[in-house]
Amino acid sequence: MLTYVARRLLLSVPVVLFVLVGVFLLIHLTPGNPAAIMLGEEASPAAVAALTRKLGLDLPLPVQFARYLWAVVHGNLGSSLQSGQPVTLLIGQALPVTLELAVLAIAVAVAVSIPLAAVAVIHRGGVVDYVLQVLSLVGVALPNFWYGLILIDLFALTWPILPVNGFQPLSAGLGTNLRYMVLPTVVLATFLVSVGANVLREDLLEAAAEDFMRTARAKGLSRSAAVWRHALRNALLPYLTVMGLQFGGLLGGVVITETVFGVPGIGRLIVNAIFNRDFPLLQGGVLFFAVVVVLVNLATDLLYAVMDPRVTYR
């Protein structure tokens, strides 16, 4: 197991490096000088040139990237060009917010998609089954930002029930915190529920046609009990794979959702960094997301061995 983990981590290094190179080139090849943006429109050319030299932006791109990579290897992600604070500090402050939002979205997605898929298979061809298929298509097709704006219109104008902008930490009270997280969580979880429930439904239908299901029914188990006790266990591995792969898409949704709802997480931090040409902060945020995706995919693979003893890693 340890050998497998070490090999996977080593194979992940080129992936993270590729992400770093791609983001670095996109930022530095985009027109505009971050030094001029920082100083404002009324800054003199001499002041802009001086700040450009101070930030090292006048150096050749390979030299700039080598210096940045050397700093990253030593755990230094640089400082924000706008606030002057260390990037690691800013990410650390925003991490609990994004982590809570992601965990809530995944928890809601799992809690909703598994029962939906099971009920749809138990009543295959019925109303619940057709409704699930329609909702799955709608949930996948809805853009996050559009869906978020619709919820804001409903709950801020039509029915002012929930706050639609901002965030309250857990220290303000669990109820207050969750009220601010309801709408962002619903937006993020909708896509996961749609994908997860549809995939699990198909896998449950395949499992329901296996011999062990016929044996369970012959022993007197109802279709419902057989699905919950036997088919579901065999269908969870593909479901786990899909949910793990969708985690990368979840992080992309976090960027949009946090911006729409004004949630001060890493996604909003990245968006602000893009507008301000704050490339150290942007690079640090994207690097963080890349590392998280790699680790989640690895954790998903390791969970196979926990859920199915027949799976081994060497």
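FYI, it's all coordinate maths here, none of it is from the lab. Just so it is clear, the structure is predicted and the values come from calculations on it, not from any experiment. We place every Cβ from the backbone using ideal geometry, glycine too, and count neighbours over all the protein chains shown.
Odds and ends about this structure:
- Computed from Cα positions, the angle between helix 87-122 and the longest principal axis of the chain comes to roughly 20 degrees.
- Taking a ≥ b ≥ c as the square roots of the Cα gyration tensor eigenvalues, region 35-76 comes out prolate, since a/c reaches at least 1.5 and a/b is larger than b/c.
- Other residues within the sphere of radius under 15 Å centred on the Cβ of Gly126, judged by their own Cβ, net out at +2 (K and R +1, D and E -1).
- Based on C-alpha pairs under 8 angstrom that are at least 6 apart in sequence, the chain has a relative contact order of 26 percent.
- The slack between Glu42 and Arg67, meaning 0.36 nm per residue of separation minus the straight C-alpha distance, is 5.9 nm.
- Rounded to 10°, Cα long-axis angle of helix 232-261 versus longest principal axis of the chain: 30 degrees
- Reported to the nearest whole Å, the Cα centre-to-centre distance from region 1-21 to region 152-227 is 32.
- Estimated 222 nm signal from helices in the chain, with DSSP H stretches of n ≥ 4 weighted -39500 (n - 2.57), rounded to 500: -25000 deg cm²/dmol
- In plain terms, the chain from Val103 to Gln85 could stretch by 3.7 nm, reckoned as 0.36 nm per residue minus the Cα-Cα distance.
- Treating r as the C-beta distance of Trp159 and Ile274 and R0 as 45 Å, the FRET efficiency rounds to 0.85.
- Helix 266-275 axis, angle to the chain major axis (alpha carbon atoms, nearest 10°): 40 degrees
- Where only C-alpha atoms are counted, convex hull volume of the chain per residue in Å³: 174 Å³
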